[in-house]
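Remarks on the structure that follows.
The values are calculated or read from the model by the stated rules, or taken from the named source; none is laboratory data. Keep in mind that this is a model prediction, so the values were computed, not measured. Please note: Cβ atoms are built from the backbone with ideal geometry, for glycine as well, and neighbour counts cover all protein chains shown. Surface areas here come from the heavy atoms of the whole protein model, side chains and all, with no ligands, DNA or RNA. Shrake-Rupley method; radii C 1.70, N 1.55, O 1.52, S 1.80 Å.
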Amino acid sequence: MSSHNYLSELFSLDGRVAVVTGGSSGIGRAIAGALARAGASVVIVARKEQELAATVDELAADGCRAAWVSADLSTRDGVRAAAEQAAGVFGEPDVLVNSAGINVRPPMSELGEDVWDATMAVNLEAPYLLGLRFGPGMAERGFGRIIHITSQQAHRAFVQSGAYGVSKGALESLARSQAEAWSPHGVTCNTLVPGFVMTPLNARLSSDPEKVAALAARTMVGRNGLADDFAGAAVFLASRASGYVTGQAIFVDGGFSVH
C-alpha cells in the first residue's frame, strides 16, 4: 500500500457530511476549510450572511462541496431551525463541530443575568441541542464525530473568565457526557482547547500589544496561535483515525497550558 493510500484511509473525509457552527470566521472557518479540503461536504452555520457567502465561495473555488445556513443560535427555536436547515442540504451529518461562541467578559461584580443567559445559550445550550439532534442518528448509523471548541478558561481563571469560563468548562463536561452516551455506538466526542488565537472573538485582548506579547511569551513555541493551527487536529478528530479517542480535551496551544 502506498503512503498516499494509507493516509487517505486514515484521514480522508470523502463521503462524510460535516456541520460547523461559527464556521465563517476564526478557528471555525479554518476547521470548516480543513474538513472540506479533506473531502467532507460542509455546511457552515453562522449569523452574518456576507461572511458565510465569502467562506463558501472560497471553498467552492478550491473544488470543495460547501453550503451555508444563516442562523441565530442564541434561542432554542433558532438552534432547532438551523439544525433542520443544515441537515436538509447534504443530508444528516457525520461530523458536528461547535465553534460558535460569544465572549463577553465584564468583571464578575458587574456580570448581569443578561450576559450570563446569552453566554450559556450560545456557548453551551446550542451545542447541547445540536448534539441531541444529531448524536442519536450518528449512533444509529454507527459513526459520528462531535468536536467542541473550548478555551483555556475551562481549566484556569484569568483575564476575567466570568460566564465565558463557566460555559467552556461546562462544554467540556458535556463532551464527556456525550462520549459516555454514544461512544459505544461509534460516536466520539472531544474538545479542542485553544491557547490565545488572534481571532475576532478575542478582539478585546488583540488590541493590546503588551498583552498579546505577554501571552506569546507564555507559550513554549514563542508565538500566539493561528486559526490554521487547528486544521490537522480537526481532521484527525473527524476521521476514522480517532476512533479510540473520546471524552478528551486536546490542547492546541503551543504549550501555553503547561508553561
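How much accessible area per residue does the stretch 1-159 have, counting only protein heavy atoms and a probe of 1.4 Å, in square angstrom? Present the calculation step by step, with values, prior to reporting the outcome.
Working: 7120 Å² over 159 residues.
It amounts to 45 Å² per residue over the stretch 1-159.
Residues SER41, SER109, SER3, ordered by accessible area of protein heavy atoms at a 1.4 angstrom probe radius and largest first, appear as SER109, SER3, SER41.
Only one residue of ALA30, GLN50, GLY112 has its Cα farthest out toward the positive end of the dipole of the stretch 20-114, where Lys and Arg carry +1 and Asp and Glu -1 on Cβ, and that residue is ALA30. Accessible surface area normalised per residue over the stretch 162-259 is 46 Å², counting heavy atoms of protein chains with a 1.4 Å rolling probe. Could you state the angle between the C-alpha long axis of helix 162-182 and the longest principal axis of the C-alpha atoms of the chain, as a value from 0 to 90 degrees rounded to the nearest 10? That helix lies at roughly 30 degrees to the long axis.
Against the main long axis of the alpha-carbon atoms of the chain, helix 49-61 sits at an angle near 40°.
Segment ASP14..GLU110, full-extension length gain: 29.7 nm, with 0.36 nm per residue of separation and the alpha-carbon distance subtracted.
Between MET220 and ALA118, what length comes free when the chain is fully extended (0.36 nm per residue of separation minus the Cα-Cα distance, one decimal in nm)? Display every interim value, and only then the final one.
Numbers: separation 102, 0.36 × 102 = 36.72 nm, distance 3.43 nm.
This chain segment gains 33.3 nm when fully extended.
Which percent of the accessible area of the stretch 130-184 is formed by carbon and sulfur heavy atoms (probe 1.4 angstrom)? After summing per-atom areas, the C and S share lands at 53 percent.
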